[in-house]
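One structure below.
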Amino acid sequence: MYQEIDLDRIDINVEPPIEEPDRQYYFMARCRQWVQAFERKNGRRPRACIQTFGCQMNARDSEKLLGILERIGFEETEDEHGDFVLYNTCTVRENANLRVYGRLGYLNTLKKKNPSMLIALCGCMMQEQEVIDKIKKSYRFVDIIFGTHNIFKLAELLYDRLEQKAMVVDVWESTDRIVEELPTERKYPFKSGVNIMFGCNNFCSYCIVPYVRGRERSRNPEDIAEEIRRLAADGVVEVMLLGQNVNSYGKNLENPISFAQLLKLVSEVEGIERIRFMTSHPKDLSDELIEAMRTLPKVCPHLHLPLQSGSSKILKDMNRRYTKEQYLMLVDKIRQAVPDISLTTDIIVGFPGETEEDFEETLDVVRTVGFDSAFTFIYSKRTGTQAARMENQVPEDVVKERFDRLLGEVQQISARVCARHLHTVQKVLAEEPDSHGPGYLTGRLGNNTIVHFPGDTSLIGTIVDVYLEESKGFYYMGRQV
Ligand code: SAH
Ligand code: SF4
Ligand code: F3S
């Protein structure tokens, strides 16, 4: 399986190999020559900065991109005054998109001061032709553009750019391949995301993800287990299994396997203490999965179960394929199996045709379920989706008013629900120094709630018992016992 490939042993005077990942290691070796020349000239290594927008998939992709850059010899820098700046973009809502254009303007001023700076764009936004056209026309200073299907090619694209000295654009419409065995650089030493599948087949009518991430593809369970064994050997205690709809994992593999079976496999990896996953689509949540959550102690008592709307009519128009009643029944079933589970959700306000009554149905579900937290979004029209062609878009002021009402409700409920473990001792994974003050750490309960407590940084990455002294609504203050 995975092996560290020694770049020094690659012959770069021959033609590049055709096979992946060998081809990329060859280009990493070639780019490294450029880095070494840079170092001789400037007396320092070139600095690379990656800014990530969007979801956990993008965050994980960025770790892979950084892994490649570090192998080439770049030094990571947090700010954008780097020699290579890469934006990994998101386009799920229009404001994600607008933020990138805003930041590009700023990058242009930096590049004017440092003309040898390289600017690259990748991620979901780049899968849209209109975006590419706009950048080619109005943002000529961008050096490299690639999409979501070929992030593994970063070294090759960088090499092309260094050779041709012109904008390199390489965006694939789709792919059926998954390139394994490339380096990654994790943000946290003790926890990691792990892709279990890519893409989405659901085509919820408001959503652009299936268009920019392509069709659903599951990784082989053996590759996933092997990656997790390696992570565990490297000090990782918590993994987050990532997919747009993890509940349909494995259905299209040559040897089909269910997500629940995958959880069992991952549970067997020694050293892994917590297993999380995102995201579950309610329509595919099986009894087998509920049973796995009940019986596998490493699987955290947290389920992110996007509701989107509480109105069965709107859900139908959203193409979500469940009703309000089915969602509520599912919640009951899960709570019976795992009574203390924490439930979180995503909700969209202002989907075309949403009436006051529809919105009231959403509020009703929010009150009935009592979510630990809910991400609330204002509906954003995405070009190419079914909903973008729907008439009766809801006026902006109506949406804003509903959004504020929903947010108020969600916050009030969440403050009450999150406090239910007050005055108990819970297992907390210590994650980072806390901004509350020196000597404090921030950690998370199994159900994902945040806890701040006094503690030494040497505890980071370990699971400790913490007494929850005070509830602050969305987080606790505690002390180690
Ligand atoms: N695959 C996940 C969601 C990925 S996108 C799932 O199905 O649950 C994350 C969230 O963004 C969605 O759950 C949805 O609430 C929100 N979202 C997606 N498209 C949107 C749009 N066009 N406008 C507003 N919110 C949207
Ligand atoms: Fe988008 Fe629906 Fe797929 Fe989630 S399941 S990514 S909301 S199309
Ligand atoms: Fe955004 Fe792409 Fe994720 S559109 S939410 S970064 S899959």
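The values are calculated or read from the model by the stated rules, or taken from the named source; none is laboratory data. Since we're looking at a predicted model, the values are computed, not measured. Positions of Cβ are backbone-derived with ideal geometry, glycine not excepted, and every protein chain shown enters the neighbour counts. We work out accessible area using only protein heavy atoms, side chains counted, and drop any ligands, DNA or RNA first. Shrake-Rupley method; radii C 1.70, N 1.55, O 1.52, S 1.80 Å.
Are there any pairs with C-beta distances below 9 angstrom linking a residue in the stretch 81-98 that is over 16 Å from ALA155 (Cα atoms) to a residue that is away from ligand 2 (no atom under 14 Å from the Cβ) and of a type in the set (Asp, Glu), with the two at least 6 apart or on different chains, and if so which?
Once the first residue is over 16 Å from ALA155 (Cα atoms) and sits in the stretch 81-98, its partners that are away from ligand 2 (no atom under 14 Å from the Cβ) and of a type in the set (Asp, Glu) give GLY82/GLU75; GLY82/GLU76; THR91/GLU128; ASN97/GLU128.
Can you tell me which residue in the stretch 298-308 is farthest from LYS191 (Cα to Cα), limited to those that are in contact with a helix residue (DSSP H, G or I) (Cβ under 8 Å, 6 or more places away or on another chain) and more than 16 Å from ligand 2 (Cβ to nearest atom)?
Result: PRO301.
Does ASN252 fit the bill of being at pLDDT below 95 and more than 19 Å from ASP61 (Cα to Cα)?
yes
Of all residues in the stretch 416-427, count the ones that are in a helix (DSSP H, G or I) and surrounded by 14 or more Cβ atoms within 10 Å (Cβ to Cβ).
5
Is there any pair linking a residue in the stretch 182-202 that is on the phi > 0 side of the Ramachandran plot and within 16 Å of ligand 2 (Cβ to nearest atom) to one that is open to solvent by less than 10 Å² (accessible area, probe 1.4 Å) and small (Gly, Ala, Ser), with Cβ under 9 Å and at least six apart or on different chains, and which?
The qualifying pairs are GLY199/GLY214; GLY199/GLY243.
When both residues are 6+ apart or on different chains and their Cβ atoms are under 7 Å apart, which pairs have a first residue that lies in the stretch 290-313 and is farther than 30 Å from PHE351 by Cβ and more than 16 Å from ligand 1 (Cβ to nearest atom), and a second that is of a type in the set (D, E, K, R) and at pLDDT 95 or above?
Listed by first residue and then by second, the contacts come to ALA292/LYS264; LEU296/LYS264; LYS298/GLU273; LYS298/ARG274; CYS300/ARG274; CYS300/ARG276.
Give the residue that is most open to solvent (accessible area, probe 1.4 Å), with candidates limited to residues of the stretch 200-215 that are more than 9 Å from ligand 3 (Cβ to nearest atom) and over 16 Å from ALA387 (Cα atoms).
ARG215
Considering only the stretch 405-415, how many residues are open to solvent by 30 Å² or more (accessible area, probe 1.4 Å) and under 26 Å from the mean Cα position of the chain (by Cα)?
3
From the list GLU431, GLU469, which residue is part of a strand (DSSP E or B), in contact (Cβ under 8 Å) with a residue 60 or more places away in the chain and not aliphatic (A, V, I, L, M)?
Criteria check complete, one pass: GLU431.
Filter the stretch 120-147 for residues that are touching a helix residue (DSSP H, G or I) at 6+ places or on another chain (Cβ under 8 Å) and of a type in the set (Ser, Thr, Tyr) and give the result.
Hit for the stretch 120-147 is TYR139, nothing else.
Take the conditions open to solvent by less than 20 Å² (accessible area, probe 1.4 Å), within 24 Å of LEU231 (Cα to Cα) and either within 16 Å of ligand 1 (Cβ to nearest atom) or not aromatic (Phe, Trp, Tyr) (or both) and apply them to ILE272. Does it pass?
The answer is yes for ILE272.
Looking only at the stretch 319-342, how many residues end up being assigned to a loop (DSSP other than H, G, I, E, B), open to solvent by 30 Å² or more (accessible area, probe 1.4 Å) and touching a residue at least 24 places away in the same chain (Cβ under 8 Å)?
3
Between a first residue in the stretch 343-363 that is assigned to a helix (DSSP H, G or I) and a second residue that is hydrophobic (A, V, I, L, M, F, W, C), which pairs have beta carbons less than 6 Å apart while being 6 or more apart in sequence or on different chains?
So the pair list comes out as ASP358/ILE314.
With charged (D, E, K, R), within 17 Å of the chain's Cα centre (by Cα) and away from ligand 2 (no atom under 16 Å from the Cβ) as the only criterion, which of GLU63, GLU76, GLU80 stands out?
The match here is GLU63.
Quick one: which residue in LYS283, LYS298 is of a type in the set (Lys, Arg), within 26 Å of the chain's Cα centre (by Cα) and open to solvent by less than 60 Å² (accessible area, probe 1.4 Å)?
Of LYS283, LYS298, the one residue that is of a type in the set (Lys, Arg), within 26 Å of the chain's Cα centre (by Cα) and open to solvent by less than 60 Å² (accessible area, probe 1.4 Å) is LYS298.
Residue under question is TYR87, and the condition is that it be open to solvent by 20 Å² or more (accessible area, probe 1.4 Å), aromatic (Phe, Trp, Tyr) and more than 8 Å from ligand 3 (Cβ to nearest atom); does it hold?
No, not satisfied.
Does any residue of the stretch 222-243 turn out to be in contact (Cβ under 8 Å) with a residue 40 or more places away in the chain, closer than 27 Å to CYS49 by Cβ, within 16 Å of ligand 3 (Cβ to nearest atom) and open to solvent by 10 Å² or more (accessible area, probe 1.4 Å)?
Within the stretch 222-243 (the criterion being in contact (Cβ under 8 Å) with a residue 40 or more places away in the chain, closer than 27 Å to CYS49 by Cβ, within 16 Å of ligand 3 (Cβ to nearest atom) and open to solvent by 10 Å² or more (accessible area, probe 1.4 Å)), the answer is yes, since at least one residue qualifies.
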